[in-house]
1. Taking the C-alpha atoms of the range 87-231, how large are the radius of gyration and the largest Cα-Cα span, Dmax, in Å?
2. Cα-based Rg (one decimal) and Dmax (whole number) for the range 1-46, in Å?
3. Return the ratio Rg/(2.2 N^0.38 Å) for the range 2-165, where Rg is computed over Cα atoms only.
4. Among DSSP beta bridges lying fully in the range 176-268, give the percent that are antiparallel, nearest 5.
5. How long, wide and thick is the range 176-268, going by the Cα atoms along their three principal axes, in whole angstroms, largest first?
6. Mean residue ellipticity at 222 nm from the helices of the chain, using -39,500 (n - 2.57) per DSSP H segment of n ≥ 4 over the full residue count, to the nearest 500 deg cm²/dmol?
7. Kindly work out what percent of the DSSP beta bridges joining two residues of the chain are antiparallel, to the nearest 5.
8. Which residue, chosen from Asn190, Leu223, Val201, occupies the Cα position most advanced towards the positive end of the dipole of the range 176-268, where the dipole is computed from +1 (Lys, Arg) and -1 (Asp, Glu) charges on Cβ about the Cα centre?
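Each reported figure results from applying straightforward, stated rules to the coordinates on display, with no laboratory input. What you see is a predicted model; the values in this text were computed from it and never measured. Neighbour counts run over all protein chains shown; Cβ positions are idealised from the backbone, glycine included.
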Amino acid sequence: MITYKVLKTNDEMDLVQKVEQVVWGTSPIPTHQTLTAVKHGGTVIGAFDGDKIVGFCYGFAGFENGQVSLCSHMLGILPEYREGGVGEELKRQQKQLATTIGYERMTWTYDPLQTRNAYLNLTKLHGVCDTYIEDCYGKMEDGLNGGLPSDRFQIDWWITSDYVNQFVKKGYDNPKELAAWLYNDQHLPNCEDFDSEGLTVLKDVAYLVPVPADITSLKEHDLNLAIEWRLKTRQMFKALFQAGYVAIELVKSNDEPVHHYLVVKKNTVNIPQ
């Protein structure tokens with residue numbers, strides 16, 4: 001049974017560092033920084049299997065456009081525990097703690113081509129995104145991020161809103177696909193060229209944006225193709241967000257190597273505008 005605990009001590013931060021090293025293979029955040037953060041509105045929560053730490057989430061207090069928020073900076077889970085709902089429960093534990101502290105909004109970034117994270121952040125937790133950050137962290141060489149520009153979605157999670165806490169799925173009739181895909185000669189999914197001029201006259205209520213279901217595997221087989229996906233989806237998402245749309249869901253395909261983001265007009269979603 002996995003249990004969850006708010007972490008506050010130096011010894012507990014040492015445990016978090018061990019998970020960081022396994023998950024990312026890079027130098028961990030100094031414990032003096034995480035300790036300072038939790039003393040000033042930040043949060044660190046650990047997931048434990050008995051006495052063994054198997055995951056954590058870390059956030060610090062943020063301020064943007066006159067609004068205070070909790071910036072949920074890191075969530076890491078040991079590989080053998082990633083399919084058991086630990087990540088989702090860590091976020092829910094963090095949400096509960098953030099609400100108790102007094103936050104109304106949480107934010108974090110993730111790679112929009114990492115569809116496992118997309119499904120958790122949008123489809124399950126009901127976060128939304130209308131902010132695309134191009135090459136957010138510059139060149140990254142860790143195993144998860146290496147090889148691609150570090151583009152990111154910024155998630156807004158309105159943790160006290162009805163949209164999050166009393167979620168009712170809204171139907172969008174016949175969302176338009178912005179780009180098609182097909183298999184290439186290596187039987188890998190390829191995003192076809194699309195009408196870039198059409199991105200300047202976006203009028204439909206809802207659109208679907210294709211993304212590879214497994215970008216990590218695609219990178220291993222054909223890095224150049226993975227980069228093409230990054231650049232084409234970057235163009236589509238930036239145009240949509242600039243035109244007043246918001247990503248609200250990752251729609252999975254069970255038998256195809258491509259999933260789709262559902263992106264809709266922001267004024268159709270019951271979130272702070």
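1. 17.2, 54
2. My reading of the Cα-based Rg and Dmax gives 10.7, 31 Å.
3. 0.99
4. Close to 90 percent.
5. Principal extents (largest minus smallest coordinate, Cα): 40, 27, 17 Å.
6. -8000 deg cm²/dmol
7. Bridges in the chain are about 90 percent antiparallel.
8. About the Cα centre, the residue reaching furthest to the positive side is Val201.
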